[in-house]
Amino acid sequence: MKLSARSIFRRTFLYVGPALAGLAAVALLFRVSIALGTTNLLVVWFLPTGWTVALLVYVVTRLRKYWRQGIFWVGLLVLLMAHVLALRPVVRNFPKLRSPTYMLAFMVEAPLWGIILHALCSPGFRRKQRPRAHDLN
């Protein structure tokens, strides 16, 4: 397969663009936190946010076969909301947690999310519809 310069540029931008946007967002957060004098808040939330993104990327890439199903994305959103709601009090009460703690949570949550999403998306999970009266004739 021969790639043109235009398609190579597009593919490069597809991968490099989000990385540059992420770096710009982090730099902006650092700049705003320094201006407001709340650098501790950003440092406290940096590790949990990074591990949450790693969890999302891992689960989404492993369950690629379910991307076309709407229930996958709804289930992922519900799991993410539950994760953030559970993580917020932990970060507030224990701001000095280190990376191994979040790594352990990642190793527990990733398989659980995978099992839940796989169960939601598999054909046997959804309730079978009863035949309607006009279908019986």
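Taking the criterion of being at negative phi and touching a residue at least 12 places away in the same chain (Cβ under 8 Å), would at least one residue in the range 6-27 satisfy it?
Looking only at the range 6-27, we keep the residues that are at negative phi, and these are 6-27.
Still in the running and touching a residue at least 12 places away in the same chain (Cβ under 8 Å): none.
Looking through the range 6-27, none of the residues is at negative phi and touching a residue at least 12 places away in the same chain (Cβ under 8 Å).
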*If you scan the range 83-93, which residues turn out to be under 12 Å from the mean Cα position of the chain (by Cα) and at pLDDT 90 or above?*
H83
_When you scan the range 110-118, do you find a residue that is surrounded by 11 or more Cβ atoms within 10 Å (Cβ to Cβ), modelled with pLDDT of 90 or more and closer than 21 Å to V44 by Cα, even just one?_
no
*asked:* So, in the range 64-85, how many residues would count as being in contact with a Phe, Trp or Tyr (Cβ under 7 Å, 6 or more places away or on another chain) and either assigned to a loop (DSSP other than H, G, I, E, B) or under 27 Å from L29 (Cα atoms) (or both)?
replied: 1
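Right, A105: of a type in the set (G, A, S), closer than 22 Å to P18 by Cβ and in contact with a helix residue (DSSP H, G or I) (Cβ under 9 Å, 6 or more places away or on another chain) or not?
Numbers: of a type in the set (G, A, S): yes; closer than 22 Å to P18 by Cβ: no; in contact with a helix residue (DSSP H, G or I) (Cβ under 9 Å, 6 or more places away or on another chain): yes.
Considered against the rule, which asks whether it is of a type in the set (G, A, S), closer than 22 Å to P18 by Cβ and in contact with a helix residue (DSSP H, G or I) (Cβ under 9 Å, 6 or more places away or on another chain), A105 comes out as no.
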*Count of residues meeting criterion [exposed (fewer than 14 other Cβ atoms within 10 Å of the Cβ) and not aromatic (F, W, Y)] in the range 63-97*: 19
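Within the range 94-103, is there a residue that is over 12 Å from the mean Cα position of the chain (by Cα), of a type in the set (G, A, S) and closer than 25 Å to P123 by Cα? Write out each step before concluding.
First pass over the range 94-103, keeping only residues over 12 Å from the mean Cα position of the chain (by Cα): 94-103.
Checking which are of a type in the set (G, A, S) leaves us with 99.
Adding the requirement that they be closer than 25 Å to P123 by Cα leaves none.
No.
Determine whether T61 is assigned by TED's automatic domain parsing to the domain that holds L80, of a type in the set (S, T, N, Q), in a helix (DSSP H, G or I) and at pLDDT 75 or above.
Details: assigned by TED's automatic domain parsing to the domain that holds L80: yes; of a type in the set (S, T, N, Q): yes; in a helix (DSSP H, G or I): yes; at pLDDT 75 or above: yes.
Taking the combined requirement at face value, the residue satisfies it.
The values are calculated or read from the model by the stated rules, or taken from the named source; none is laboratory data. These numbers were taken from a predicted model, which means no experiment stands behind them. Neighbour counts are summed over all protein chains in view; Cβ atoms, including those assigned to glycine, are modelled from backbone coordinates with ideal geometry.
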